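Asks: Please read through the structure below; I'll follow up with questions.
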Amino acid sequence: MELKKLVEVWFQKWEEGDFLNLPVTENFKHTSPYGTIDGKQNYINLVEANKTNFLGYHFILHDEIYDGQKACVRYTAVQGDFRLDVSEWYYAKDNLIEEIVAYYNIEGEVSEDRKLSNPEEYEKNK
């Protein structure tokens with residue numbers, strides 16, 4: 001599968017709320033301002049524990065750059081009246097996403113309803 005299609009499937013799965021079937025490798029790694037999560041199952045567990053913060057988004061893609069097995073996508077994630085501008089690098093291997101490095105900034109204090117639960121798991125995976 002070409003990388004552009006793989007990234008499209010990634011966003012489609014998120015919009016459908018189908019995070020159990022994200023096109024990622026077993027050793028998937030996700031790095032964001034919150035830290036790094038190593039392993040597909042750890043990532044799925046984090047999403048499961050924080051569904052209200054992860055699900056229900058619509059994505060507006062602004063820019064996409066593809067080069068072999070890596071890509072960069074700039075987008076806005078919209079959930080109700082919450083909007084988050086994000087730039088992400090995607091790295092693929094064997095037709096799956098192996099790593100994502102996400103860049104974004106949430107201004108000011110993070111409200112209680114936006115905070116991630118299960119902080120022990122987050123700290124362990126930093």
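Asks: Given H placed on each backbone N at 1.01 Å, which residues far from Glu99 in sequence or on other chains put an amide H within less than 5 Å of it?
Replies: Counting only residues 5 or more places away or on other chains, the set is Lys29, Tyr91.
Asks: Then there's this: Could you work out how far the C-alpha centroid of the stretch 2-27 sits from that of the stretch 55-76, in angstrom?
Replies: Distance between centres, Cα-based: 12 Å.
Asks: Multiply the residue gap between Asn95 and Leu61 by 0.36 nm, knock off their C-alpha separation, and tell me the result in nm, one decimal place.
Replies: 10.1 nm
Asks: Going by how many other Cβ atoms sit within 10 Å of their own, how do Asp85, Asp67, Asp38 line up, fewest first?
Replies: Ascending number of Cβ neighbours within 10 Å: Asp67, Asp85, Asp38.
Asks: Order these by the 10 Å Cβ neighbour count, fewest first: Arg74, Arg83.
Replies: If I rank by nearby Cβ atoms, fewest first, I get Arg83, Arg74.
Asks: On each of the three principal axes of the Cα atoms of the stretch 3-107, give max minus min coordinate, whole Å, ordered largest first.
Replies: Result, largest extent first: 36, 30, 25 Å.
Every number in this text was worked out from the coordinates using simple rules, so none of it is lab data. Because the structure is predicted, anything quoted here is derived from the model rather than measured. When we count neighbours, we look across all protein chains shown, and the Cβ atoms used for this are built from the backbone with ideal geometry, even at glycine.
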